[in-house]
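A.B. asks: Before I ask anything, let me first share the structure, which is written out below as structure tokens.
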């Protein structure tokens, strides 16, 4: 069991390391600026945390910059049209986050600002335990431990917290990892900032205590790390074995009218809810006997290829069909230029339209 003295020693080492090596991120207020009295903007902290769920920093940063420029405050975002928000989110993935983002902005604007503790933050749309803890810690210095993948890896290695590789074993390990992380937050000196500790551990996991080939020689916790003492830090964390990803099948129908493409808006709930897409068939575990049965009209459809996209719980394979519409054809949907469509579509829709446009010479007439 780690003593209070050992915890204080660990916290001091992490803080000193963070002051020298903190990453410069557009949503972060670094330790020197914090010393000078600059406070984090909870709107930017929240926006970054939502965008970084299941997304890397290099991929999310351009989206963050664009949102911040277009909607610099939560009130501006709350007043935005959903169509504009969904188009700006296109390509960032996990589209339920965009719906929750807009709903949360409206809720925060209505109540006049963000709640300043994790309990209050949990009541906001789309804000789960981790996101609430991250915002409360980073923006408001609440002594609560948010545990993302980076912190999870650091803590599991420092205390050599393993499991038997089953779902049950991994759940138990996660509980212990969370408790150890919280013990660190609870042990902070009175003058210390909880947000600095959270971000320091995140940076440590991202840059030093990496999943493969961790650089233990430069780690501030190397003399305290049980996994390093065992000689195999890469063994941790011991997660449950991954299950095979199932595949679903369907068809995407790209209807063209000159330089325009027909798009439809999906229902507000469910996967890709509220996003624009080319019309598609239902997605099922087997291929349809008649792939054109759900096509939006009797046109000269030509199959131009197939696209594949991986969602959280399954992979999707869409056969892409393309056709030309007569200028006066009455079709339910919205015509959009191909350039605008490619900018507004989620990734799987953009793949389908790009394939169809690239194969324009094969379309039926």
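Nothing in this text is a laboratory measurement; each read-out follows from the coordinates by a stated rule. In this text the structure is predicted, and so the values were computed from the model without any measurement. All Cβ positions, even for glycine, are placed from backbone atoms using ideal geometry, and neighbour counts span all protein chains on display.
A.B. asks: Quick check: the distance between the Cα centres of region 6-60 and region 131-149, to the nearest angstrom?
C.D. replies: 11
A.B. asks: Continuing with this model, one more query. What is the antiparallel percent of DSSP beta bridges lying wholly in region 247-362, to the nearest 5?
C.D. replies: 65
A.B. asks: What angle, in degrees between 0 and 90 and rounded to the nearest 10, separates the Cα long axis of helix 149-158 from the longest principal axis of the Cα atoms of the chain?
C.D. replies: Tilt relative to the chain: about 30 degrees.
A.B. asks: When you take every Cα atom in region 1-153, what is the radius of gyration, and what is Dmax, the widest Cα pair distance, in Å?
C.D. replies: 16.5, 54
A.B. asks: Build a GNM of the chain with springs between Cα atoms under 10 Å: which of 48, 163, 86 gets the top mean-square fluctuation?
C.D. replies: Highest fluctuation of the listed residues: 163.
A.B. asks: Quickly work out the residue 164-to-residue 20 label distance, labels modelled 7 Å from Cα along the C-beta direction, and quote it in nm with one decimal.
C.D. replies: In this crude label model, residue 20 to residue 164 measures out at 4.3 nm.
A.B. asks: Using Cα atoms only, what is the angle between the long axis of helix 167-186 and the major principal axis of the chain, expressed in degrees (0 to 90) to the nearest 10?
C.D. replies: Orientation of helix 167-186: about 50 degrees from the principal axis.
A.B. asks: With everything on Cα atoms, drop me the angle between helix 4-21 and the longest principal axis of the chain, reported from 0 to 90° to the nearest 10.
C.D. replies: It is inclined by approximately 50 degrees.
A.B. asks: If you don't mind, there's one more thing I want to ask. Would you mind getting the Kirkwood hydrodynamic radius of the chain from its Cα pairs, rounded to one decimal in Å? Mind showing how you got there, number by number?
C.D. replies: Numbers: mean 1/r = 0.0434 Å⁻¹.
Evaluated on the chain, it is 23.0 Å.
A.B. asks: So how far apart, in nm, are the two label points at residue 82 and residue 36 if each is 7 Å from Cα heading toward Cβ?
C.D. replies: 4.2
A.B. asks: OK, next. Testing the spin-label approximation: label points 7 Å from Cα along Cα→Cβ at residue 111 and residue 311. State their distance in nm.
C.D. replies: 3.0
A.B. asks: A further question follows. How long is the gain from residue 5 to residue 235 if the chain were fully straight, where each residue apart is worth 0.36 nm and the alpha carbon distance is subtracted?
C.D. replies: So the extension gain works out to 80.1 nm.
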